[in-house]
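Student: Can you read through this structure? Questions will come right after.
The values are calculated or read from the model by the stated rules, or taken from the named source; none is laboratory data. All values reported here derive from a predicted model rather than from experimental measurement. Using ideal geometry, Cβ is built from the backbone for each residue, glycine included, and neighbour counts are taken over all protein chains shown. Areas reflect the complete protein model, heavy atoms only, side chains present, ligands, DNA and RNA absent. Shrake-Rupley method; radii C 1.70, N 1.55, O 1.52, S 1.80 Å.
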Amino acid sequence: MPARLPSWAWVSGLTVGATAAVTVLAVQADRGPHPTAVVTKPKPSASAEAHPTPKETAPAPVPADSGTGRRVVYSVGKDRVWLVDASDATRRSFKVWPGTVDPDPGKYSVGTRRQDPTTGSDGVQVEQIMYFTQEDGVWVAFSNAVDGSSPPPADGAKTGGIRLPKADGDALWDFGTSGTTVTVVA
């Protein structure tokens, strides 16, 4: 009859075996993954737009000289719009494509609003048009292209449309009701 090992010997043996297994796994993990498949470089996307949407890199602060209270702020120099609530908190900020005619710095109000599509001065179908001033004989207004595109080069034409990406146009339309202050800064 074979000799029986005491129970502490079994426990010690299992502990040593488990420690060895964990050590082997730790060494393998420390060396990193060992892929078995061939790694290929990612291919460039074929969905690049001809006129890409302006991209945000970091939230831009509202210009200090833009006043207080609920307002739309448009910076001519930064090609950017801020939607600012009554507590002076920025609700949204985004880049825009300006027309060739810039409004003078100052305070204006949203006047006529036109939601239905029409042809802009650049020949593009636009919607959600919010007129707020006239400059050099041209109406200045925010709008977005129905198809979401950016405006083509103006070719010397006077255009007062400040074009927005579609999602930002929707947000501005909801925020900028008739009478909303539009502050233009340099």
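Student: If we count every other residue with Cβ under 14 angstrom of residue 109's Cβ, Lys/Arg +1 and Asp/Glu -1, where does the sum land?
Tutor: With Lys, Arg at +1 and Asp, Glu at -1, the neighbours total +4.
Student: Would you please classify the overall shape of the stretch 77-143 from the alpha carbon gyration tensor, given that a ≥ b ≥ c denote the square roots of the eigenvalues, rounded means a/c under 1.5, and beyond that prolate means a/b larger than b/c while oblate covers the rest?
Tutor: Prolate, because a/c is 1.5 or more and a/b exceeds b/c.
Student: Trypsin sites (Lys or Arg not before Pro) within the stretch 86-186: which are DSSP loop residues with at most 14 other Cβ atoms inside 10 Å?
Tutor: 158
Student: When ligands, DNA and RNA are left out and all protein chains stay put, how many square angstrom of accessible area per residue does the stretch 80-124 have with a 1.4 Å probe?
Tutor: For the stretch 80-124, the solvent-accessible area averages 54 Å² per residue.
Student: Check each of the GluC sites (Glu not before Pro) in the stretch 50-146 and keep only those in coil by DSSP with at most 15 other C-beta atoms within 10 angstrom; list them in order. Please list the in-between numbers first.
Tutor: On the way: sites: 56, 127, 135; in loops: 56.
Sites meeting the loop and neighbour criteria: 56.
Student: Spin-label point model (7 Å from Cα, Cβ direction): what's the residue 70 to residue 109 distance in nm?
Tutor: If labels sit at residue 70 and residue 109, their model points lie 1.4 nm apart.
Student: How far apart, in nanometres, would the label points at residue 91 and residue 158 be if each is projected 7 angstrom from Cα along the Cα-to-Cβ direction?
Tutor: 3.3
Student: Next question. Under 12 Å from the Cβ of residue 171, count the other residues' Cβ atoms, weight Lys and Arg +1, Asp and Glu -1, and hand me the total. Mind showing how you got there, number by number?
Tutor: Numbers: positive: 91, 92, 166; negative: 168, 170, 174.
Net local charge, residue 171 excluded: 0.
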